[in-house]
Amino acid sequence: MALPATLDVSLNFSSGATFGIPFTLDDPTNGILGTNILSDSATPALVVNLTPQTRQISIRRGRNVARDIYEAGSCTVRIYDPAGDFNPQNVSSPYYGQLEPLRKLRISASTGGNTYYLFSGYTTAYAYSYDQAENMAYVDISASDAFRLFNLANVISITGQAANQDTGTRIGKILDTVNFPLSMRQIDTGNSLTIADPATLRTSLSALQNCEFSEQGAFYISPLGDVVFKNRANVIASAGVTPTEFNQTTGIPYSNLKFAYDDKLIINSATITK
């Protein structure tokens, strides 16, 4: 069955958190200093197109309904590798020495003249193997979104924090402390105010999610790789947005749907009067 969209899979070998179009000499759009992204290495090319070799994509991201929290998004892409270019032990590979953690994996889909990003994250593993007949080598590239970066970055004191900052401002200060790019933030002004930061050792992810909980808002990583924080007013308003519809005729097709009718989301309701 033909896919309803054209997929694109790319691996960016540059360092740093920022996703962006690579700097291209003499290009009027992609050759602007201070705008496009410079490579940290002359070889290999900054961005490798993996689309022709991609055979399988698995993406998992979103909110854990049972825990009532957004979790780290993850992705695994299977790449067929007949030439052994993605074998980390192949010293003749053009990518030898570049298959390292925290390289940037990005997946998008194009349809109707529009491009929609599905996942943007940072590599965590390259699992190299062969099929059962050992005819074709392949590599499973695993990646996680920026939640992984925040979970690896500990903080004690938050630069620029102060009592009575709104939760959105405090989230911005935490991101400043760990040097997360300004260009990758979509942060609402919070509806709640924070106390002075306690200056205790914790992960930056824990500090960020504490602001999310205090606000009763939403903090997550978008498919573009941006940090998104929605205050509780916008979270409530999102319930009125027109839903996306799937069907097998004129809409977006689906397959392998599963429904769970269990007690995981059942709660007790109690009303107490004095």
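Being in contact with a Phe, Trp or Tyr (Cβ under 7 Å, 6 or more places away or on another chain), outside the structural domain of SER120 (by TED's automatic domain parsing), of a type in the set (Ser, Thr, Tyr) and in contact (Cβ under 8 Å) with a residue 12 or more places away in the chain is the requirement here; does THR194 meet it? Criteria not met by THR194.
Taking the stated definitions as given, is GLU71 closer than 30 Å to ASP263 by Cβ and under 19 Å from the mean Cα position of the chain (by Cα)? So GLU71 passes the test. Any residue at all in the stretch 147-156 that is under 26 Å from the mean Cα position of the chain (by Cα), surrounded by fewer than 19 Cβ atoms within 10 Å (Cβ to Cβ) and assigned to a strand (DSSP E or B)? For the stretch 147-156, residues under 26 Å from the mean Cα position of the chain (by Cα), surrounded by fewer than 19 Cβ atoms within 10 Å (Cβ to Cβ) and assigned to a strand (DSSP E or B): present. Only one of the listed residues (ASN268, ASN210, ASN234, ASN256) is farther than 21 Å from GLY62 by Cα and either part of a loop (DSSP other than H, G, I, E, B) or not assigned by TED's automatic domain parsing to the domain that holds GLY121 (or both). That residue is ASN268.
Is there any pair linking a residue in the stretch 129-144 that is farther than 13 Å from ILE57 by Cα to one that is in a loop (DSSP other than H, G, I, E, B) and of a type in the set (S, T, N, Q), with Cβ under 6 Å and at least six apart or on different chains, and which? Short answer, once both residue conditions are applied: none. Within the stretch 239-264, the residues that satisfy the criterion of being of a type in the set (A, V, I, L, M) and either farther than 27 Å from ALA5 by Cβ or exposed (fewer than 10 other Cβ atoms within 10 Å of the Cβ) (or both) are ALA239, VAL241, LEU257, ALA260. Residues that are among the charged types (D, E, K, R), assigned to a strand (DSSP E or B) and out of contact with any Lys or Arg (no Cβ under 6 Å at 6 or more places or on another chain) within the stretch 64-82 comprise just one, GLU71. Among the residues of the stretch 158-183, how many are in contact with a helix residue (DSSP H, G or I) (Cβ under 9 Å, 6 or more places away or on another chain) and either among the aliphatic types (A, V, I, L, M) or more than 19 Å from ARG148 (Cα to Cα) (or both)? The total comes to 15. Filtering the stretch 163-184 to residues that are crowded, with 16+ Cβ neighbours inside 10 Å and either of a type in the set (D, E, K, R) or not in a loop (DSSP other than H, G, I, E, B) (or both) leaves ASP166, THR167, GLY168, THR169, ARG170, ILE171, GLY172, LYS173, ILE174, LEU175, THR177, MET184.
The values are calculated or read from the model by the stated rules, or taken from the named source; none is laboratory data. Source: prediction; values computed, not measured. Cβ coordinates were reconstructed from backbone atoms using ideal geometry, including for glycine residues, and neighbour counts include every protein chain displayed.
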